[in-house]
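What follows is a single structure, written as structure tokens, with notes after it.
The values are calculated or read from the model by the stated rules, or taken from the named source; none is laboratory data. Keep in mind the model is a prediction, meaning the values are calculated, not measured. Cβ placement follows ideal geometry from the backbone for every residue including glycine, while neighbour counts extend to all protein chains displayed.
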């Protein structure tokens, strides 16, 4: 039978993925990560402080800029070596401000303290203290997702926590170590999405099909990224943050970092697409198990086409939104838009958007094929079947 011919192929693929993860991925994940020694950067030397007195405030005009609010005030650090010592700071007296926020006594702020000539100490206003408002937003988000999605919402939160752990605890340290960002990103992304999908949707055939599809789509996205980054001669230096990395004398491969960023950037939408496509196919089959393979594939693909169209549009709009200030700069300076696409920082976003979209487009037929096989050959896994879990996380499913 056809299912008996296909089953060994899928079994070999799954075994190869597991073997690659155990032999290569696990030791790589736990490898030593001595980071490259770098100088102090953003956030270093910054402490939390509190405003104790407003000395002076008013409006001032700097150069050709419009009038702006300025304040001279006293503040004391709430931690660190200089805790409790009052310093005089100014905000807007000597530098252009882009906000009109007024500090009051008792407000928290971030301040930097530096040592000058003759052991004099200077304090500078760094930024506003936003953590409480951000924590409130996080709490509202957590409550909302738990009320709406319940058990799956809890799984999604655990998956989100694990994702942050992989990015901060694995991907960043290994890239800082000077390793190939593409290798690090593909391994980290595979571990990240696999665990996240299982935490959110459970151990079942639907999730197995989504995970296998996701890995194939990830490989396709990575390959296309490499081809078009090479073809368009992108170096990864289009982002100003990448230039900061170069100035810090690290040996980070900027082109590899760009490739890794494209792969990681495609993760979120890829996660959404593969699980939705697999779920749609399983629900269609559960509703009508008498459908032929061709009819099942066609109906699921129709849903996938709508999802891809919406997702690609979302992806493009998200990048366009983030690039809006840059586009405005070009419009105001009367730049030639036909030349804009040749600049590296614009070309990087075009490659990032289109390669990510191509990965999503490829994910639809891949997920549909694999999910159709899992749904229609539920009884074709032999002795392995009891270990593969339910057919669908929704609890439905027909067994033949």
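A few points about this structure:
- Test: residue 104 is free of Cβ contacts under 8 Å to residues at least 24 places away in the same chain, at negative phi and in contact with a strand residue (DSSP E or B) (Cβ under 9 Å, 6 or more places away or on another chain): no
- In summary, residue 200 fulfils each of the numbered conditions (1) modelled with pLDDT of 80 or more; (2) closer than 25 Å to residue 371 by Cα with the single exception of condition (1).
- Pair list, Cβ under 9 Å, 6 or more apart: the range 306-334 residue not assigned by TED's automatic domain parsing to the domain that holds residue 273, other residue loosely packed, with under 14 Cβ neighbours inside 10 Å: none
- Looking only at the range 191-203, residues that are surrounded by fewer than 22 Cβ atoms within 10 Å (Cβ to Cβ) and on the phi < 0 side of the Ramachandran plot come to 6 in all.
- Residue within the range 183-196 that is touching a residue at least 40 places away in the same chain (Cβ under 8 Å) and closer than 18 Å to residue 388 by Cα present: yes
- Scanning the range 315-331 for residues that are surrounded by 12 or more Cβ atoms within 10 Å (Cβ to Cβ) and either at pLDDT 80 or above or part of a helix (DSSP H, G or I) (or both) turns up 315, 316, 318, 319, 320, 326, 327, 330.
- Residues that are surrounded by 17 or more Cβ atoms within 10 Å (Cβ to Cβ) and either part of a helix (DSSP H, G or I) or not assigned by TED's automatic domain parsing to the domain that holds residue 355 (or both), drawn from the range 233-263: 242, 245, 254, 255, 256, 257, 258, 259, 260, 261, 262, 263
- Hey, residue 92 farther than 30 Å from residue 160 by Cβ, modelled with pLDDT of 85 or more, crowded, with 16+ Cβ neighbours inside 10 Å and in the same structural domain as residue 56 (by TED's automatic domain parsing) or not: yes
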